[in-house]
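Notes to accompany the following structure.
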Amino acid sequence: MIAQGSSTGSKELAVQRDLDQARVECERAIIATGFLREDLFRSECLPFLRADHFADPYHQKMFAIMAAMCGAGIPLKANAVLVELKLQSELPSQDEIERIVNSFASPGTVGYFVESLVKIHRRETIAMAAEALLGNLSKMGTDEALQRFRLATEHAEGVSVKCVSLADAARTAIEIHREKIRSGKSPSISTGIASLDDATGGLFPGQLWLLSAKSFIGKTYFASQIGFQIASSGEPVLFCCMEMRGHELAERELSRRTNFIPVQFASSEFDETELSYLENFVSKKFDSVPYYLLCNGNETAATIAGKARYLKAKHGIKVLFVDHLQRFTADPKREYRFQLKEWTKTFKDLAVELGIAVVLLTQLKIADGSNREPTTGDYAESKQIFEEADVALLLHRNMVEKDKYEDAMKVIVAKSRKLSAGSFMLEFDGRKYIDPQPRLANWEG
């Protein structure tokens, strides 16, 4: 009996070794396809695979990098992938790299390797779910254990499970709060402005915020202040601006945080001592801040989404600012309001997909010279923009004369899925917006 059991065990080990070897060969062939035939990789690999289909850690990371590069519209080059891999961890051996490159057989075999890898991954997923089922049968009822088994294996069969029971959703909520207590860290990200955090709960993963105002109110200034404060707390931020260049945004932050006024940057009124001081300031205060700028007037919603996916993989960005919606070039053959809706939905879907918060700046349609407070009816051409948002903020400053406004800003929370609507005031200290002191009774809701 012992000999027979030993023989059975040896056969199982041999089968597993063959399976592991087959998986490695499939993984190498798929990575090689990306190196040598980007068109096939995009059409026959990306739509059917995820990084977790790969067992080898190097293959898994390489696939994730290649998928992010494709999403960002960056051409796949073996050297570029390996450089990025080296930045994230370390390179595999030279022998393994050669094996990968030599694994590409012919275009006709790519589909076979993809299908084989999916089958192997499915087999392992079902096996692990079955093992968990056996353990769960002793802890819970048969029906609940079988339900968990079905949920675990449906994904392996390629079925997307988009629903969740109320009980499981409640357990998830409890775990989020438990983790908050355990870590002492909130699941939301602070904006750095207490009144804004009180009104919204902070920025949550998966949320789309609208930050809206008419021209000359200071949307970009206000948004960049929040972006830098978030990055200063250690949370990586990507700020995409289609109206200003990167060095102009940087000058604004330098002015906001030093004794130099904006006009000095506009007219280059510096001597060498002052420039050396600024260089030293940047090294001390900016080098360690994960604040990334994307300044290109030719961006589209799709290209920004692709670059955000790449930078999420590379830098782990938590918040994306887009300045602003109406800067995207519209197709003159299609109704503009429908395009606004599509662009907004692109960023809402991106927030959910990447688990980040997206702050989308938008222009309100208010006549020049008008000093009235904005309302949700002022969203240019499409109220559907407002419907997609989790939080909608309207900014207002009183006009003292044409194109000149008071420093104080009123922030109107027109929509908040977590808290109620209302408004509050912020003061301007000459460099940034701050809570009034004392802050009591600032909220009107």
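Looking only at segment 341-369, how many residues end up being of a type outside the set (A, V, I, L, M, F, W, C) and buried (at least 23 other Cβ atoms within 10 Å of the Cβ)? Outline the logic, then answer.
Applying the first criterion (of a type outside the set (A, V, I, L, M, F, W, C)) to segment 341-369 yields 341-342, 344-346, 348-349, 353, 355, 362-363, 365, 368-369.
Filter once more, so that each one left must be buried (at least 23 other Cβ atoms within 10 Å of the Cβ): 344, 362.
So the count comes out to 2.
Would you be able to say whether some residue in segment 266-275 is in contact with a strand residue (DSSP E or B) (Cβ under 7 Å, 6 or more places away or on another chain), assigned by TED's automatic domain parsing to the domain that holds Glu243, among the small types (Gly, Ala, Ser) and under 25 Å from Glu243 (Cα atoms)?
Within segment 266-275, not a single residue is in contact with a strand residue (DSSP E or B) (Cβ under 7 Å, 6 or more places away or on another chain), assigned by TED's automatic domain parsing to the domain that holds Glu243, among the small types (Gly, Ala, Ser) and under 25 Å from Glu243 (Cα atoms).
Looking only at segment 161-197, count every residue that is of a type outside the set (Ser, Thr, Tyr) and modelled with pLDDT of 90 or more and tell me the total.
6
Here is a yes/no grid of residues against (1) under 18 Å from Glu27 (Cβ atoms); (2) surrounded by 14 or more Cβ atoms within 10 Å (Cβ to Cβ); (3) touching a helix residue (DSSP H, G or I) at 6+ places or on another chain (Cβ under 6 Å):
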residue: Ala64; (1), (2), (3): yes, yes, yes
residue: Gly71; (1), (2), (3): no, yes, yes
residue: Ala78; (1), (2), (3): yes, yes, yes
residue: Leu82; (1), (2), (3): yes, yes, no
residue: Lys86; (1), (2), (3): no, no, no
residue: Ser89; (1), (2), (3): yes, no, no
residue: Pro92; (1), (2), (3): yes, yes, yes
residue: Glu96; (1), (2), (3): yes, yes, no
residue: Gly108; (1), (2), (3): no, no, no
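Being polar (S, T, N, Q) and either in contact with a Phe, Trp or Tyr (Cβ under 7 Å, 6 or more places away or on another chain) or in contact (Cβ under 8 Å) with a residue 40 or more places away in the chain (or both) is true for just one of Gln339, Gln326. Which residue is that?
Gln326
Being under 28 Å from Met69 (Cβ atoms), touching a residue at least 60 places away in the same chain (Cβ under 8 Å) and either under 21 Å from the mean Cα position of the chain (by Cα) or outside any helix (DSSP H, G or I) (or both) narrows it down to one of Gly227, Gly234, so name that one.
Numbers: Gly234 fails: touching a residue at least 60 places away in the same chain (Cβ under 8 Å).
Answer to the check: Gly227.
Restricting attention to segment 27-35, does a residue exist that is in the same structural domain as Ala72 (by TED's automatic domain parsing) and not in a helix (DSSP H, G or I)?
no
So, Phe222, is that one assigned by TED's automatic domain parsing to the domain that holds Lys410 and at positive phi or not?
Working: assigned by TED's automatic domain parsing to the domain that holds Lys410: yes; at positive phi: no.
Taking the combined requirement at face value, the residue does not satisfy it.
Considering only residues that are under 14 Å from the mean Cα position of the chain (by Cα) and either in the same structural domain as Ala68 (by TED's automatic domain parsing) or under 14 Å from Gly73 (Cα atoms) (or both), which ones fall in segment 293-328?
Ala301, Ala302, Thr303, Ile304, Ala305, Gly306, Lys307, Ala308, Arg309, Tyr310, Leu311
Restricting the search to segment 36-55, which residues are out of contact with any Lys or Arg (no Cβ under 8 Å at 6 or more places or on another chain), closer than 19 Å to Arg23 by Cα and part of a helix (DSSP H, G or I)?
Within segment 36-55, Phe41, Glu44, Cys45, Asp52, His53 qualify.
Looking at segment 317-347 only, could you name the residues that are over 27 Å from Gln225 (Cα atoms) and part of a loop (DSSP other than H, G, I, E, B)?
Ala330, Asp331, Pro332, Lys333, Arg334, Glu335
Among the residues of segment 300-332, which ones are surrounded by fewer than 19 Cβ atoms within 10 Å (Cβ to Cβ) and more than 22 Å from Gly218 (Cβ to Cβ)?
Correct list: Thr300, Ala302, Thr303, Lys314, His315, Gly316, Thr329, Ala330, Asp331, Pro332.
Within segment 392-421, how many residues turn out to be buried (at least 16 other Cβ atoms within 10 Å of the Cβ) and out of contact with any Pro (no Cβ under 9 Å at 6 or more places or on another chain)? Break it down into steps so the answer makes sense when it comes.
Taking segment 392-421 and keeping what is buried (at least 16 other Cβ atoms within 10 Å of the Cβ), we get 392-397, 399, 405, 409-416.
Checking the rest, the ones that are also out of contact with any Pro (no Cβ under 9 Å at 6 or more places or on another chain) come to 392-393, 397, 399, 405, 409-411, 413, 415-416.
Count: 11.
Failed condition for Gly297, given (1) of a type in the set (Gly, Ala, Ser); (2) surrounded by fewer than 13 Cβ atoms within 10 Å (Cβ to Cβ); (3) touching a residue at least 24 places away in the same chain (Cβ under 8 Å); (4) part of a helix (DSSP H, G or I), with all others met?
Single failed check for Gly297: (4).
Suppose we filter segment 348-399 for residues that are more than 19 Å from Thr300 (Cα to Cα) and in a strand (DSSP E or B); how many remain?
Within segment 348-399, residues that are more than 19 Å from Thr300 (Cα to Cα) and in a strand (DSSP E or B) number 9.
Check Glu251, Glu235 and return the single one that is among the acidic types (Asp, Glu), closer than 21 Å to Gly355 by Cβ and buried (at least 17 other Cβ atoms within 10 Å of the Cβ).
Just one listed residue meets the conditions, Glu235.
Filtering segment 400-409 down to residues that are part of a strand (DSSP E or B) and charged (D, E, K, R), which residue is farthest from Leu211 (Cα to Cα)?
Here the answer is Glu401.
The values are calculated or read from the model by the stated rules, or taken from the named source; none is laboratory data. Every value quoted in this text rests on a predicted model; they were computed, and no experiment measured them. Virtual Cβ from ideal backbone geometry, glycine too; neighbours counted across all protein chains shown.
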